[in-house]
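Just so you know, all these numbers are worked out from the coordinates, no wet-lab data involved. Nothing here was measured: the structure is a model prediction, and the numbers come from that model. Here Cβ is always computed from backbone atoms with ideal geometry, including for glycine, and neighbour counts include all displayed protein chains.
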Amino acid sequence: MAWNLSACRGLVCGGVRGAVAAAAAVVLAAGAATGCTPRTPVAGDGKAPARTAPATASRSGPPSRHGPAAAAGGATRPAAQRPSRPSTAPRPAAPAPVMAAGHRSAQVRELQARLRELGLFGRAPTGYYGSVTTASVRSFQARRHRAVTGSVDPGTWAALRSLTRQPSRAALYPPTSRPLPRTDPRCRTGRVLCISKSSNTLAWMADGRVLAAMDVRFGSQYTPTREGVFAVTFKSRHHVSTIYRTPMPYAMFFSGGQAVHYSADFAARGYAGASHGCVNVRDRAGIAAVFARVRPGDKVVVHR
């Protein structure tokens, strides 16, 4: 029988191809069973893509806060909070006060006169910085919205000086420790010893004009000084009380045994004491000058 070579070759090729196909099927089946997938050729170059090795964590220790994980925004453990230390920088020292409690000087007298001009110091300047001056300074500082310390710092002193006038000698050394009150109408004419119980002052006046003034005190509640309009009955330069056996220098009697006179006790103890009804004066030189000018018959007005 004659063989057709072409047909034979086709049979051989077909058998070979069939065997190849069968082997490929077996390989695919084995791959599916093991979970592997064949590499797929990349169109254009006939090569399979290179595998990328998975990133692995370093075994030398935990990832650094500044390493790749931190750069990628991964959570990192915050550093321990350290307590803040107080600042050791020195604070600027407060300016030293110009004047403060306990000081005694001519400048303190000026301070008191300036406060008195503003109605914040109700007494005559004394030159001593005590509790009354401290309270007056505190009041001024509160009004000017400054630190209320009671001491006069450079800023407080500058502010006070800008709001007041330079005190005159009469303002620095007034004749009475308290301001004279409004003149009583009965004291506005003639020569009058005008005496106020509310202000504890005596004003020697002529036709409504004050010629001299001084501090006075009065009798106690058991021996009060009488009030009203009187006249000087007589004068006694070196008088001594016949009842109490006490000196009454420069006495000017105006109502029975009551008189205006100098009192050493008033000069020594101030308002801690009282008279037996007389008007005590503590300024010896002042009352001596008035005594020399007053005449019997001059009017005496004692009022509230």
Q. Which order, highest average first, do 288-295, 212-219 follow once you tally other Cβ atoms within 10 Å for each residue and take the mean per peptide?
A. 212-219, 288-295
Q | Per residue convex hull volume, Cα atoms of segment 79-225, in Å³ | A | 189
Q: For segment 177-185, just list the computed ³J(HN,Hα) in residue order, Karplus coefficients 6.51, -1.76 and 1.60, θ = phi - 60°, integers in Hz, with x standing in for Gly and Pro.
A: 6, 10, x, 5, x, 4, 4, 5, x
Q: List every residue whose amide H lies under 5 Å from the amide H of residue 275, counting only residues 5 or more places away in sequence or on a different chain, with H placed 1.01 Å from N in the peptide plane.
A: 218, 219, 220
(Q) If I model a spin label at residue 236 and residue 91 as a point 7 Å from the Cα along the Cα→Cβ vector, what separation in nanometres do I get? (A) 6.7
Q: Report the label-to-label distance for residue 173 and residue 264 in nanometres (one decimal), using points 7 Å from each Cα along the Cα→Cβ vector.
A: 2.5
Q. Short version: ³J(HN,Hα) in whole Hz for each residue of segment 221-228, in order, from phi by Karplus 6.51 cos²θ - 1.76 cosθ + 1.60 (θ = phi - 60°), x for Gly and Pro, what are they?
A. 5, 8, 9, x, 7, 6, 9, x
Q) Whole number please: convex hull volume per residue of the Cα set in segment 112-160, in Å³? A) 68
